[in-house]
1. Take L74 and tell me if it is modelled with pLDDT under 90 and surrounded by 14 or more Cβ atoms within 10 Å (Cβ to Cβ).
2. Take the conditions touching a Ser or Thr at 6+ places or on another chain (Cβ under 7 Å), within 19 Å of D212 (Cβ to Cβ) and assigned to a loop (DSSP other than H, G, I, E, B) and apply them to I174. Does it pass?
3. Can you pull out every residue in segment 195-242 that is assigned to a helix (DSSP H, G or I) and loosely packed, with under 15 Cβ neighbours inside 10 Å?
4. Please determine, by comparing only the residues of segment 16-37 that are over 25 Å from the mean Cα position of the chain (by Cα) and part of a loop (DSSP other than H, G, I, E, B), which one is surrounded by the fewest Cβ atoms within 10 Å (Cβ to Cβ).
5. Give me a count of the residues in segment 233-264 that are under 26 Å from G158 (Cβ atoms) and out of contact with any strand residue (DSSP E or B) (no Cβ under 6 Å at 6 or more places or on another chain).
6. For a quick check of your reading of the model, give me the residue pairs whose first member lies in segment 21-50 and is under 10 Å from F113 (Cα atoms), whose second is modelled with pLDDT under 85 and surrounded by fewer than 16 Cβ atoms within 10 Å (Cβ to Cβ), with beta-carbon atoms closer than 7 Å and at least 6 apart or on different chains.
7. Tell me the residue from F254, F276 that is in contact (Cβ under 8 Å) with a residue 60 or more places away in the chain and farther than 28 Å from I163 by Cα, please.
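The values are calculated or read from the model by the stated rules, or taken from the named source; none is laboratory data. Computed from a prediction, not measured in an experiment: that's the story for all the values here. Here the Cβ positions follow ideal geometry from the backbone for every residue, glycine too, while neighbour counts run over all protein chains shown.
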Amino acid sequence: MKLTVQDIFNFPELSKLTLIAGRGGLKKNVSHCGILDYEYDKDVSKKYYDYNYQMDGEFLTLTTFLYAKNDPNLIYDAVKNLVAKKGSGLIIKNIFKLPISDNVIRYANHMNFPIFVLNDSYPFFEDIIILINKAMERYESFYYREQKVNLLLDESTGDSHTIKKLIYDINPSIQDDILVITFRYNKGSLGPQAYRKIESKIYAENLLSPEDSVFYYENGFMIILSGSGFPAEDIYSLIETGFHTLGKALTDDFQIGISSIHNMREELPEAIRESFYALRFSGENENPYTLFNELGPYRAILPNAGQPHMQRYMEDYISPLEKYDTEKKSDILSTVTEFVKCGGDLEKTGNAMGQHKNTIRYRMNRAGEILGINPFAPGDYEGLALAVRIYICSIA
């Protein structure tokens, strides 16, 4: 994941920054930063220019414009030069109360070059540079966000302050509307090099904004989409372009689970868990991904399947069938499971298992005898189906 100008703007330590121009460039990446105070002074530029500005692109510049305090027109030349060097933005600590001309504002807006003003002596430039450099180190750490997600999911970090801090650590620019997509590699081990290629393609195709996140997570990766006004009734509109652009190879090589849309960033832990739940059912429909919203009754069962009372209820139905299958070397439990998956339809179950529906009927009647129920009677079927669904959620 890359650090952007918008992320830096959202640092709470820099809350006194005011954006005065170039809002359209907030998505620009920041790979390094430095201090400018003499580089574009014509009298000393040859002495200092190569010292601080050998790099080309993705740099954030900090300045007091000391050399321009007697000639504010020099600011325009400096901004033009920074844009020409493909700079990402400019922070002016305006301790000299310099006027920023309309020409500078118009040019920065036209070139989507963010300019910020800090009308305060604090924080010092050195503090800002340290803050940004530490952020860049975190963003470059391969496992940093994976660790933050795991902490976020840990029940021991349930106080609101900790949750907000962890969400901020994952992405300072995250918005209230969120959707989580989890990818799990299904062809062995996904190493750092293979993941970096995927991440590079995602960025090259401009599929994400600073409000979004992509990072490695447990032999796969996670994408967190965020924004405002997400269409809760149409998740497909948010994801189809990305899946189409990334191509079939990605969807063939990964199991993919997608959460429902949440409208509070503090609900990120719940959204992440929903993507995990959906991941368990990945590949069981015609789409290359599974949506939590389309899991039907499993939406209620999955978060609670591991509870003792749920497990006891399941075992009352499942244990006798497992015991019978072990003793008779039969397939009663798998048939019952598929029967429930197929909504109690004998013909669909037969097609799914490659068996005649009469064979399925015989096996279901046998299951009924073992359990002392009639699996075709509505009441008994619902009781059996609940147990099977808990079983599916427990083993998925």
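1. Considered against the rule, which asks whether it is modelled with pLDDT under 90 and surrounded by 14 or more Cβ atoms within 10 Å (Cβ to Cβ), L74 comes out as yes.
2. Yes; evaluated as a whole, the condition is true for this residue.
3. Of everything in segment 195-242, those that are assigned to a helix (DSSP H, G or I) and loosely packed, with under 15 Cβ neighbours inside 10 Å turn out to be R196, K197, S200, K201, Y203, A204, Y236, S237, E240, T241.
4. If we take residues in segment 16-37 being over 25 Å from the mean Cα position of the chain (by Cα) and part of a loop (DSSP other than H, G, I, E, B), then K16 is surrounded by the fewest Cβ atoms within 10 Å (Cβ to Cβ).
5. Within segment 233-264, residues that are under 26 Å from G158 (Cβ atoms) and out of contact with any strand residue (DSSP E or B) (no Cβ under 6 Å at 6 or more places or on another chain) number 2.
6. Listed pairs, sorted by first residue: none to list.
7. After applying the criteria, what remains is F254.
Residues checked against (1) β-branched (V, I, T); (2) without any contact (Cβ under 8 Å) to a residue 40 or more places away in the chain; (3) out of contact with any Cys (no Cβ under 8 Å at 6 or more places or on another chain):
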position	(1), (2), (3)
K69	no, yes, yes
N73	no, yes, yes
K86	no, yes, yes
I92	yes, yes, yes
M111	no, no, yes
V117	yes, no, yes
